[in-house]
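Structure, as structure tokens:
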Amino acid sequence: MKFTSTSVPNLLKGVNGTYYLRARIRGRLVWRSLETDTFSIAKLLLVDKMKELQKAAGAAPRDLQLSRKLTFEQGMEIYRAEVNALPRLNATTKQFRMRFEHTLRRTWPGLFETEMRRVTPEACNTWLQRFENGGSTFLGKRALTKKTAGNSPTTVNGAIAFMQRIFEIGVKAGIVYRNPAADLERKPAKKKLLRLPNRSQFAAIVAYIRRQPGWGRIAGDLVEGLAYSGMRVGESRRLTWSHLDFEKGLTVIPGEKTENAPRIVPMTADFRRLVEQIKGDTTPDPNARVFRAKECRGSLASACKEVGVPKLNHHDLRHLFATTCIESGVDVPTVALWLGHADGGALAMRTYGHIRPEHSVEAAKRVSFTPPPKQLEGAA
């Protein structure tokens, strides 16, 4: 049977004159006959039938009067309201979910005033090709004249996901039959080659920072704390003395990035020595922060330049922790657990599958295809 659209979203008319409901309920396309050929009655029945289907499917009722002319901008505002209403997301995660609005405004400004039903898969593919190939540049915050492409895999893939979620609002409301961004291919992530200092170089970095007057000691505490625990710098800012159990040798890391981020990990010997040194002979307030410094980027940059190694950032110290653990014989799933990864070690295996060259060289020396002497004698 053929159907024709009407001025009311989700309401179609069959060639036999009967009106039908067509809508997506929790992602599933549903058809129902309204058993009437009168338009005014069909409009009334549509609302009741939609509520009935949504209730049966356990779906939250959405505004059923969304206009067929819903623009991408209006859909984005609906998505923003949905994100802000999620209690399980913290403020930082909500901000991250919406950050790609700026990416799309920069790379496809005309999209926002366009009706969702007018956007085609071909238009989405054209945008993606231009974006991936560096066709949309921008002037950075500190740049004077030089423009940057800004098309890293993280940015491209985030923008694709953001666009897909917004178009899905139109799909579920019956305004868009199919998500035009559904088939956009993600950009493969580039594997980061870790350029980390060896143990001697890291000791020299810490020594240089601690020699600096004033801020040197507290910055050095944070540098060592991040490297010896694998914490993110945001987690270190929330770590208090109440999170440390010296009797059991455990640390409760107050992570918040994912559901697995809050975790209990054993203290490494170096981390325990460090926090005991910070604690000294006093009994600090349980609610006081362990690390007084909130960041140490400048200290790391100066120290790395002095020692002659590639510049490190906060997250590189987390990489240093994981790499050192693996080189010391800790299995990858355990390291992933300590880091708060939720994938059982898949990300850790991809990130730390290639370890530091000097360790790799030493491991290669233990590989031999020559049979032991006794086997050679037996073969003779």
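Couplings for the stretch 168-180, taken from phi via the Karplus curve 6.51 cos²θ - 1.76 cosθ + 1.60 with θ = phi - 60°, read 5, 5, x, 5, 5, 8, x, 7, 10, 6, 9, 5, x Hz in order; Gly and Pro are left as x.
State to the nearest 20 debye the size of the charge dipole of the stretch 67-133 about its Cα centre, where the only charges are +1 on K and R beta carbons and -1 on D and E beta carbons.
With Lys and Arg at +1 and Asp and Glu at -1, about 140 debye.
Set the Cα radius of gyration of the stretch 149-276 against 2.2 N^0.38 Å, with N its number of residues, and you get 1.58.
Converting phi to 3J(HN,Hα) with the Karplus coefficients 6.51, -1.76 and 1.60 and the offset θ = phi - 60°, the stretch 207-216 yields 4, 5, 4, 5, 6, 6, x, x, 7, x Hz in sequence order, with x at every glycine or proline. When the Debye formula is applied to the Cα atoms of the stretch 3-57, each taken as the same point scatterer, what base-10 log of I(q)/I(0) results at q = 0.14, 0.20, 0.31 Å⁻¹? One equal scatterer on each Cα of the stretch 3-57 leads to -0.32, -0.64, -1.34. Report note on the peptides 15-22, 276-283, 178-185, 332-339: ranked by the mean count of other C-beta atoms within 10 Å, highest first, their order is 332-339, 178-185, 15-22, 276-283.
Return the FRET efficiency for the residue pair ARG297, TYR177: r is the Cβ-Cβ distance, R0 is 45 Å, and the value is rounded to the nearest 0.05.
E between ARG297 and TYR177, to the nearest 0.05, is 0.35.
Spin-label pair HIS102-ARG217: with each label point 7 Å from Cα along the Cα-Cβ axis, the two points sit 3.8 nm from one another. Fewest-first ordering of VAL330, VAL8 by other beta carbons within 10 Å of each residue's beta carbon gives VAL330, VAL8.
Using 0.36 nm per residue and subtracting the Cα-Cα separation, the extra length available between ALA189 and SER40 on full extension is 48.3 nm.
Rule-based calculations on the coordinates, nothing more; no lab input. This is a predicted model, so every value here is computed, not measured. When we count neighbours, we look across all protein chains shown, and the Cβ atoms used for this are built from the backbone with ideal geometry, even at glycine.
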